[in-house]
Amino acid sequence: MGSPAFVAATEAALADFFTSRRATVDQLGPSFVEAAAALELFVLRGGKRTRPAFAWIGWQGAGGDADGPDAEAVLSACAALELVQACALIHDDIIDSSRTRRRFPTVHVDFEQRHRERGWAGDSAHFGTSVAILIGDLALAWADDMVHASGLDNAAIARFAPVWALMRTEVLGGQLLDINGHAGSDESVEAALRINRYKTAAYTVERPLHLGAAIADADPALVEAYREFGTDIGIAFQLRDDLLGVFGDPEVTGKPSGDDLREGKRTVLLAEALQRADATDPLAAKLLRTSIGTDLGADDVERLRALLTELGAVDDVERRIADLTDRGLAAIETSSATPSAKEKLRAMALAATRRTA
C-alpha cells in the first residue's frame, strides 16, 4: 500500500523501536525474550504498512513536510499503528481458531508447537493461546510506548492522544460486535456493516488519516473529509476482503480457500445472500445456514461459492464496493488536502478496493 521507500522507512522505525526495548526485555528472562522476539518477527515479517501510510499521507495532506525537521518523529508515530495491527491480528487469530497467517503458523499455534516439542507440562493448546494473548497485549502496550518515544512535541501528542484513544476503543468494540454477531441471531446486512465500520474501517483508514491530520493541526473541514473518505474506503476494503475470503486464490492470499465459510464469518456477503435466499429460495437459505461454520471440503466450498453467486450476493457486494469507492473519492477530491495527497489517496483507495490479496 505504501511505496517501497515508505515501507522500508516504516520497518526501520519499527526495528529501531524493538532494539530500544531489548535491555528491558532481557531483564525479564528467557521466556520474555522469546515472546518479544516472536512479536518482532511477526511485525517485521512483511505487510503493506497500510495504516501508517494513510496516517503519513493524512499528515502531508494537511501541510506536513516530509523533508522537514518533524518528519522522523511523525513517521515513528505513524509506524506505531503496525503494533496496534499486530495486537488485533494475533488476538483475531485466536478468536477465529486460525492455524496460519501469511503462510506461517499463527502465534498461538507457534507457541503450542514449542510447548509440545519441549515436552512441557499441561495442555499445549492452552499454553499457546495464553502466550499469544500476552504477546498481543504487549503489542498494544508497546504501540503506546512507541508513540510517546517518537519525538512528537507535547502539543502534537495532545492533539493525537484523543484520536488514538477513540481508535483503540473502536477496534476492540468492533471485535466484540463481531464475536456477538457470530454467536447471536442478527443476520442483517446492517449488523455486518456496523462490524465492518468499527472493526476494520475505523482503524484501517479513517482514524489513521485523522491521526495524521491531528499531528498537523488540520482544520475541522479537512478532518471531516478525511473521515468520510476513510469510512467509505475502509468499508469497501473490508468488503473486498470478504470476497477474497471466499473466492481468493490461496497462493495469493496466503489463507486456505474458503476459510471464511468454514469459520462462519458474518459478512455482508453472507447476510445479503441469506436475505435474498429467504425471499426467493428457502432451500438455499437452509443450505447456507447449515453449512457455514462447519468443516467444509473443497466440493462443499465450491457449491457454496456457486450459490452465493447465483443469489446475486456477489454482484451486490461488488456494487457496494464501487459505490463506496466513488463516494470516498468524491469526498477527498473536494477537500482542502494538498494535490499530491489527493493523488496518493486516490491511488491507495483503488489499490485497497481492487486488490487480490
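Each row is one residue, and each column tells you yes or no for (1) of a type in the set (V, I, T); (2) under 30 Å from A271 (Cα atoms); (3) touching a Leu at 6+ places or on another chain (Cβ under 9 Å).
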| residue | (1), (2), (3) |
| --- | --- |
| D153 | no, no, no |
| A158 | no, no, no |
| E206 | no, yes, no |
| I215 | yes, no, yes |
| E228 | no, yes, no |
| D232 | no, yes, yes |
| D249 | no, yes, no |
Q: Pick out, from the stretch 279-357, the helices (runs of 4 or more DSSP H) lying fully within it that include 2 or more residues that are in the same structural domain as E206 (by TED's automatic domain parsing), under 22 Å from T50 (Cα atoms) and in contact with a Lys or Arg (Cβ under 9 Å, 6 or more places away or on another chain).
A: 313-333, 339-353
Q) Considering only the stretch 29-71, how many residues are closer than 24 Å to A165 by Cβ and acidic (D, E)? A) 1
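Residues checked against (1) of a type in the set (A, V, I, L, M); (2) surrounded by fewer than 21 Cβ atoms within 10 Å (Cβ to Cβ):
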position: V317; (1), (2): yes, no
position: A322; (1), (2): yes, yes
position: E333; (1), (2): no, yes
position: T338; (1), (2): no, yes
position: R355; (1), (2): no, yes
Q) Inside the stretch 17-42, can you point out the residues that are under 15 Å from S150 (Cβ atoms) and touching a residue at least 60 places away in the same chain (Cβ under 8 Å)? A) F17, S20, R21
Q: Check whether at least one residue in the stretch 9-27 is of a type in the set (K, R) and on the phi > 0 side of the Ramachandran plot, and report yes or no.
A: no
**Q.** Meets criteria (in a helix (DSSP H, G or I), farther than 13 Å from V317 by Cα and in the same structural domain as A191 (by TED's automatic domain parsing)) for L261
**A.** yes
Q: Run L244 past the list (1) buried (at least 21 other Cβ atoms within 10 Å of the Cβ); (2) touching a residue at least 60 places away in the same chain (Cβ under 8 Å) and report the number of the one that doesn't hold.
A: (1)
Q) Of everything in the stretch 190-241 that's free of Cβ contacts under 8 Å to residues at least 40 places away in the same chain and in contact with a His (Cβ under 7 Å, 6 or more places away or on another chain), which residue is farthest from N180 (Cα to Cα)? A) V223
Q) How many of the residues in the stretch 200-220 are of a type in the set (D, E, K, R) and surrounded by fewer than 24 Cβ atoms within 10 Å (Cβ to Cβ)? A) 2
Q.
Which pairs turn up if I take residues in the stretch 89-117 that are more than 14 Å from L39 (Cα to Cα) and look for partners that are part of a loop (DSSP other than H, G, I, E, B) and not polar (S, T, N, Q) with beta carbon separation below 6 Å, at least 6 apart in sequence or on another chain?
A. R102/G254; R103/G254
Q.
Restricting to the stretch 88-124, name every residue that is surrounded by fewer than 16 Cβ atoms within 10 Å (Cβ to Cβ) and either in the same structural domain as L176 (by TED's automatic domain parsing) or modelled with pLDDT of 95 or more (or both).
A. Q113, R116, E117, R118, G119, W120, A121, G122, D123
Q) On the given criteria, is S150 hydroxyl-bearing (S, T, Y), over 26 Å from F18 (Cβ atoms) and over 14 Å from the mean Cα position of the chain (by Cα)? A) no
Q. Which residue out of K286, K255 is without any contact (Cβ under 8 Å) to a residue 12 or more places away in the chain and surrounded by fewer than 21 Cβ atoms within 10 Å (Cβ to Cβ)?
A. K286
(Q) Going residue by residue through the stretch 61-69, is there one that turns out to be modelled with pLDDT of 95 or more, aliphatic (A, V, I, L, M) and surrounded by fewer than 21 Cβ atoms within 10 Å (Cβ to Cβ)? (A) yes
Q) If we scan the stretch 138-158, do we find a residue that is over 15 Å from A38 (Cα atoms), in contact (Cβ under 8 Å) with a residue 12 or more places away in the chain, buried (at least 17 other Cβ atoms within 10 Å of the Cβ) and touching a His at 6+ places or on another chain (Cβ under 6 Å)? A) no
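Going through the stretch 99-130 one residue at a time, which ones are part of a loop (DSSP other than H, G, I, E, B) and within 20 Å of L41 (Cβ to Cβ)?
If the condition is that a residue be part of a loop (DSSP other than H, G, I, E, B) and within 20 Å of L41 (Cβ to Cβ), then R99, R102, R103, T106 are the ones that fit.
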Q. So L75 clears everything in (1) part of a loop (DSSP other than H, G, I, E, B); (2) within 20 Å of the chain's Cα centre (by Cα) except one condition, right? Which one?
A. (1)
**Q.** Scan of the stretch 89-139 for residues that are of a type in the set (S, T, N, Q) and touching a Leu at 6+ places or on another chain (Cβ under 6 Å), ordered by number
**A.** none
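The values are calculated or read from the model by the stated rules, or taken from the named source; none is laboratory data. Values in this document were obtained by computation on a predicted structure and should not be read as measured data. Cβ atoms come from the backbone with ideal geometry, glycine included; neighbour counts cover every protein chain shown.
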